[in-house]
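Chemist: Below is one structure. I have some questions about it.
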Amino acid sequence: MVTPGQIKDIISAVVQGVPTNMTFGMAESLIGNKGKLTAQVRKIFSATNPYAELLADWQTFYRDIGID
């Protein structure tokens, strides 16, 4: 399960990806189409990693033996 700290790190990374030179019109478009923006963000997070389960198992192993 994701931790609150991990959620903060993910949110920070997403916010850092917002271009600082975005035009007013582009910002208005994103604000006006929040559903589309949300769908794209969800698409990023739902991308399947074929090694996700194996990685999670190794992370648990290393955490259990005190190496994390």
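Chemist: Along Cα→Cβ, 7 Å out, is where each label goes; now give me the distance between the ones at Thr20 and Ile67 in nm to one decimal.
Modeler: 4.0
Chemist: Which length gain, in nm to one decimal place, applies between Val2 and Ala52 when the Cα-Cα distance is subtracted from 0.36 nm times their residue separation?
Modeler: Stretched out fully, the Val2 to Ala52 stretch lengthens by 16.6 nm.
Chemist: Another question, if that's okay. So, in nm, how far is label Thr60 from label Ala39 when the simple model puts each one 7 Å beyond its Cα toward the Cβ?
Modeler: Here the modelled spin labels are 3.5 nm apart.
Chemist: Also, quick follow-up: Rounded to a whole number, what is D in µm²/s for the stretch 29-68 from Stokes-Einstein with the Kirkwood radius over alpha-carbon pairs (4 °C, 1.567 mPa s)? Intermediate values should be presented prior to the final figure.
Modeler: Working: Rh = 12.6 Å.
This corresponds to a translational diffusion coefficient of 103 µm²/s.
Chemist: Additional query: Per DSSP helix of 4 or more residues, -39500 (n - 2.57); summed, then divided by the residues of the chain. What does that give at 222 nm, rounded to the nearest 500?
Modeler: On the way: 4 runs with 48 residues, N = 68.
Rounded to the nearest 500, the figure is -22000 deg cm²/dmol.
Chemist: Further question on the same structure: Please report Rg (one decimal) and Dmax (integer) in Å for the Cα set of the chain.
Modeler: 16.9, 52
Chemist: While we're on this one: Tilt of helix 52-64 relative to the longest C-alpha principal axis of the chain, in degrees (0 to 90, nearest 10)?
Modeler: Here the helix axis deviates by roughly 50 degrees.
Bear in mind that the values in this text are calculations on the coordinates, not laboratory data. Computed from a predicted model, the values in this text were never measured in an experiment. Please note: Cβ atoms are built from the backbone with ideal geometry, for glycine as well, and neighbour counts cover all protein chains shown.
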